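The block underneath contains the structure these notes are about, expressed in structure tokens.
The values are calculated or read from the model by the stated rules, or taken from the named source; none is laboratory data. Computed from a prediction, not measured in an experiment: that's the story for all the values here. So basically every Cβ, Gly included, is an ideal-geometry build from the backbone, and we count neighbours across all protein chains shown. The protein model used for the area step is the full one, side chains on, heavy atoms only, and it has no ligands, DNA or RNA in it. Shrake-Rupley method; radii C 1.70, N 1.55, O 1.52, S 1.80 Å.
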Amino acid sequence: MTDTTIRTRSSERSRRESEESREQTAEREQCPECGGRLVSDTEHAETVCDDCGLVVEEGEIDHGPEWRAFNASEKDEKSRVGAPTTNMMHDQGLSTNIGWQNKDAYGKSLSNRQRQKMQRLRTWNERFRTRDSKERNLKQALGEIDRMASALGLPKSVRETASVIYRRALEEDLLPGRSIEGVATSSLYAAARQAGTPRSLDEITAVSRVEKDEIARTYRYVIRELGLEVQPADPESYVPRFASDLDLSDETERRARSLLSTAKESGIHSGKSPVGLAAAAVYAAALLTNEKVTQNDVSDVASISEVTIRNRYHELLEAEDNAPA
């Protein structure tokens, strides 16, 4: 028997097996009574015909979880998979953490010997998580971003954006000659402005470990080198936060927005601090709606001087009076 004959018979056998497999698959996918399409009913563990309702198979194995959940939060709590990856951690949350509690699985306290052992394991785990100086740098910076964002009340989306900006700065080699804290603070400042939840430079400086001038200088450098599109801060974006901190009514907030809109139309906002304009608009709106708010209260909330508030709120009221009806 030649090699050609063997190969021919082998190919014929393979062809017949594939045809039989296709026929069996087609039979499984079609109803034996009406030839309709078969669907799987996971609730009753059955395979039924979608046309005539014939139950073809029953008692199927359920490959899903053995628990039930009635809402999204309950489903997340019972899920056995890990947390989603995040840019807010230097290893994107893919490593293992050893908890700080010195207790076993039953909640009992560990002995002194076991406690010392767990402490050594934590130490080595931290060392293995950061393989080189670049990862140690990233870990320190992301921790600093998370700390400042928490102090400023910024949402998770802003923290994620700030982490991505810092990672880009690290990859583009923008850190030599600049402090880790300075670049981290600048990344958070830029991310907050991009997300439409800006914080003033004074507020950023209050929670940062670097000076205001260094933050401003590093911020300009980072957005220029990375080509970030950061629009000028809109004074109206500060109004909801100031009004909420001062416990003012919705009417006062709407009136403050109206004052700022009039100021934009008349052009008096050009070249002026958006924080100062927003603070002055909130103070002026509170006066117009007969709410008791002092300049000192607004100054503390907005981190702006009372002199600035007085100057700006007079300008806002003049623009309001001169506006066409």
Inset, instruction - With respect to Ala105, determine if the residue is under 22 Å from Thr86 (Cα atoms) and without any contact (Cβ under 8 Å) to a residue 60 or more places away in the chain. - result: no
Inset, instruction - Starting from residues that are free of Cβ contacts under 8 Å to residues at least 60 places away in the same chain, outside any helix (DSSP H, G or I) and surrounded by 16 or more Cβ atoms within 10 Å (Cβ to Cβ), keep the ones in the stretch 199-221 and report whichever is nearest to the chain's Cα centre (by Cα). - result: Arg199
Inset, instruction - Taking the residues in the stretch 97-134 that are open to solvent by less than 90 Å² (accessible area, probe 1.4 Å) and of a type in the set (D, E, K, R) as candidates, determine which candidate is farthest from the chain's Cα centre (by Cα). - result: Asp104
Legend entry - Selection status of Ala284, open to solvent by less than 60 Å² (accessible area, probe 1.4 Å), over 31 Å from the mean Cα position of the chain (by Cα) and not polar (S, T, N, Q): yes
Inset, instruction - Mind telling me which of the residues Val164, Val158 ends up being farther than 23 Å from Phe242 by Cα and either buried (at least 22 other Cβ atoms within 10 Å of the Cβ) or at pLDDT 90 or above (or both)? - result: Val164
Legend entry - Residue in the stretch 176-185 that is open to solvent by less than 10 Å² (accessible area, probe 1.4 Å), at pLDDT 90 or above and out of contact with any Asp or Glu (no Cβ under 8 Å at 6 or more places or on another chain) present: yes
Inset, instruction - Can you confirm whether the stretch 295-311 contains a residue that is over 18 Å from Pro198 (Cα atoms) and in a loop (DSSP other than H, G, I, E, B)? - result: yes
Legend entry - Those residues of the stretch 287-314 which are of a type in the set (D, E, K, R) and either over 16 Å from Glu236 (Cα atoms) or surrounded by fewer than 16 Cβ atoms within 10 Å (Cβ to Cβ) (or both), in sequence order: Glu291, Lys292, Asp297, Asp300, Glu306, Arg310
Inset, instruction - Would you point out the residue of the stretch 248-279, among those that are assigned to a helix (DSSP H, G or I), touching a helix residue (DSSP H, G or I) at 6+ places or on another chain (Cβ under 7 Å) and closer than 16 Å to Asp321 by Cα, that is modelled with the lowest pLDDT? - result: Ser266
